[in-house]
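Worksheet for the structure shown next.
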Amino acid sequence: MTNGSNDVRRIVVIQAGTGQPSSTRLLADRLAGATRDAALERGVDSTVEVIDLRDHAQALAGAVLTGFATGALREALDSVASADAVIAVTPIYQASYSGLFKSFIDVLDEGALRGTPVLMGATAGTARHSLVLEHAMRPLFAYLKAVTVPTAVFAASEDWGAIGGTGDSGASSGLDRRITVAASELADLVAGRAGTRNRTDDFTVPAGFEELLRGA
Amino acid sequence: MQFGIFTVGDVTQDPTTGRTPSENERIKNMVELAIHADQLGLDVVAVGEHHNPPFAAPANPPVLLGNIAAQTKNIILSTATTLITTNDPVRLAEDYAYVQHLADGRVDLMLGRGNTGPVYPWFGKDIREGIPLAIENYALLRRLWTEDNVTWSGKFRSPLQSFTSTPRPLDGVAPFVWHGSIRSPEIAEQAAYYGDGFFHNNIFWPMSHTKQMVQLYRRRFEHYGHGRADQAIVGLGGQVFMRANSQDAVREFRPYFDNAPVYGHGPSLEDFSRETPLTVGSPQQVIERYAAMADDVGDYQRQLFLIDHAGLPQKTVLEQLEILGTQVVPELRKIAAARKPEHVPDAPTHASRVAAAGGARDLTVHGVDDVTGLTAEKDTKEAVR
């Protein structure tokens, strides 16, 4: 899990868009690119790895039933658990993150996102869904003990055709601006902490058995 | 190396016929299976403990084991598993010692915490205390088996003053204990601490995971001074379906797999077979797959197969047992014996444990009347005279 090469940080993108092309994927790529640039401005090099949940849809159904993940899905979960930062982007379905997105979160190992800087993004057909980020997604990541950046980025269909995205004041409050702000916030967290997050080994017993006996 | 079968007594509909056995049928089928396993020369039959439908496994396995003991000769009777969390350790000490006598020592047991959440509240326990319950209850169980007179107090049951668990273990030697756990390192630690066996029921798990748990147990077994890591006592689960022709096996088993209670409607038979020990094919394929398990977990002592599940009819189950007993196990035994280094022990049996203890001792405790100082035995003699 060590980043041997002089602290290159790993940004892992979880994206749940299923369309082809997918506006969710589009937003994810924009966020990832902006984060890389912002990190570079802070003197930190990073790599981006995108996990398209569509590729794991069947494996996710299997993992939900069997309780364990295998193959490429296992690798994706491990990748998230060892990421220096995560960008999580989902389409909004029925007033919340998509089921596919939640299934992936459901099979993450316990503590996989604890302390991980996370930038959240979402897409939908209308801006009326934008608060899903604050009312559904942020509590989810709070539960997972992730460190979410203050700005979450929502893109409605109309944002993709606006100058600098939607908003009366154009570039100053539109999609471009929101992406830049959120990416800067994530880059601050990535640059501000050492790379290589240490995870407790699941198979280490914290106490010797004598201590467990005494506790009983 | 010991080879055997385990059953969890699930009452499952046969997806190919729509027929579901009755509880009575399922219970009698388990007994029949055990008798056949003994006749085929398998080493172990283990039965589950359950407290809810759709299971016809006993709530207290010694009830079933006592019946099987009476109808079998050589096979070791075990459990898969005995709940150490929600059972009173006093009753466990009494009941398992009793069936140990009935079976002339052919008894050991596997302790587990259970996988059905509501069982805890049904028996007045708190599931959040699962690990502490397993630790305290087992510590008491051990004392009840090794000490004639136990004065004890703990967190989870009423204290005991001068309590003697009866009958005392046969020949002065308690049944050997395996600790079963899928993912709790504390339980591997517990098994290692006492130098007991560790059983990883890996039937739904990839070998990468099983290997980690077994390695932890082995490492800690050595740490606690019971021997070298490769001398720890390890057991694994397994799941097979066989026909002479492997395509026939796959064709016949697929509907059972696709509708199985645990993993049905999830991964494909092929994916699941690749990731878990499930092997559907010819006896030779099963031999090759299971002979290789030791490459991952080291030379181990006990291999149990689940064969009566997913609604398979009893006739098919008995055929599977026969293939296992006549074609697969004899080969696996040879391979295991050939590869096992001299210093790696076999699984403890009653006989080996009695020998290790320096011979059999009768620990029968005779009651003494605290007023007259007479024992019941003496009373009787004097009355006769």
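The values are calculated or read from the model by the stated rules, or taken from the named source; none is laboratory data. Please read these numbers as outputs of a predicted model, since none were measured by experiment. Neighbour counts run over all protein chains shown; Cβ positions are idealised from the backbone, glycine included. The area values use the complete protein model at the heavy-atom level, side chains included, leaving out ligands, DNA and RNA. Shrake-Rupley method; radii C 1.70, N 1.55, O 1.52, S 1.80 Å.
When each of B:TYR224, B:TYR263, B:TYR194 is tested for being among the hydroxyl-bearing types (Ser, Thr, Tyr), over 19 Å from the mean Cα position of the chain (by Cα) and modelled with pLDDT of 95 or more, the lone residue that passes is B:TYR224. Among the residues of segment B:318-332, those identified as over 14 Å from B:PHE241 (Cα atoms) and surrounded by fewer than 16 Cβ atoms within 10 Å (Cβ to Cβ) are B:THR326, B:PRO330. All of (1) surrounded by 20 or more Cβ atoms within 10 Å (Cβ to Cβ); (2) within 26 Å of B:ILE307 (Cα to Cα); (3) more than 10 Å from chain A (Cβ to nearest Cβ) hold for B:LEU144 with one exception: (2). Candidates B:ALA139, B:ALA174: the one that is small (Gly, Ala, Ser) and part of a helix (DSSP H, G or I) is B:ALA139. Looking across segment B:116-130 at every residue that is hydrophobic (A, V, I, L, M, F, W, C) and within 12 Å of B:ASN87 (Cα to Cα), the one that is least open to solvent (accessible area, probe 1.4 Å) is identified as B:VAL119. Across segment B:73-104, the number of residues qualifying as farther than 24 Å from B:LEU160 by Cα, without any contact (Cβ under 8 Å) to a residue 60 or more places away in the chain and open to solvent by 10 Å² or more (accessible area, probe 1.4 Å) comes to 3. When residues in segment B:249-281 are screened for being part of a helix (DSSP H, G or I) and either away from chain A (no Cβ under 14 Å) or open to solvent by 10 Å² or more (accessible area, probe 1.4 Å) (or both), 14 of them pass.
Screening B:GLN285 on (1) open to solvent by less than 30 Å² (accessible area, probe 1.4 Å); (2) closer than 19 Å to B:GLN320 by Cβ; (3) in a helix (DSSP H, G or I) shows it passes everything except condition (1).
So if I check each of B:GLY124, B:GLY114, which one is more than 14 Å from every other protein chain (Cβ to nearest Cβ), under 15 Å from the mean Cα position of the chain (by Cα) and part of a loop (DSSP other than H, G, I, E, B)? Testing whether each residue is more than 14 Å from every other protein chain (Cβ to nearest Cβ), under 15 Å from the mean Cα position of the chain (by Cα) and part of a loop (DSSP other than H, G, I, E, B) leaves just B:GLY114. Given the condition in a helix (DSSP H, G or I), closer than 25 Å to B:PHE257 by Cβ and touching a Leu at 6+ places or on another chain (Cβ under 8 Å), answer yes or no: does some residue in segment B:328-340 qualify? Yes; the residues of segment B:328-340 include at least one that is in a helix (DSSP H, G or I), closer than 25 Å to B:PHE257 by Cβ and touching a Leu at 6+ places or on another chain (Cβ under 8 Å). Could you look through segment B:147-192, keep only residues that are exposed (fewer than 15 other Cβ atoms within 10 Å of the Cβ) and small (Gly, Ala, Ser), and pick out the one that is nearest to B:ASN87 (Cα to Cα)? So, considering only residues that are exposed (fewer than 15 other Cβ atoms within 10 Å of the Cβ) and small (Gly, Ala, Ser), the one nearest to B:ASN87 (Cα to Cα) is B:SER158.
Residues that are over 21 Å from A:PRO139 (Cα atoms) and among the hydrophobic types (A, V, I, L, M, F, W, C) do occur in segment A:74-92, at least one of them. For A:ALA76, the criteria (1) under 25 Å from B:SER208 (Cβ atoms); (2) more than 16 Å from the chain's Cα centre (by Cα) hold in every case but one, which is (2). Give the residues of segment B:191-205 that are at the interface with chain A (Cβ under 7 Å from one of its Cβ atoms) and closer than 20 Å to B:PRO345 by Cβ, sorted by residue number. Across segment B:191-205, the qualifying residue is only B:TYR193. With respect to B:SER208, is the statement that it is open to solvent by 10 Å² or more (accessible area, probe 1.4 Å), within 14 Å of another protein chain (Cβ to nearest Cβ) and closer than 20 Å to B:GLU275 by Cβ true? Judged against the criteria, B:SER208 is a match.
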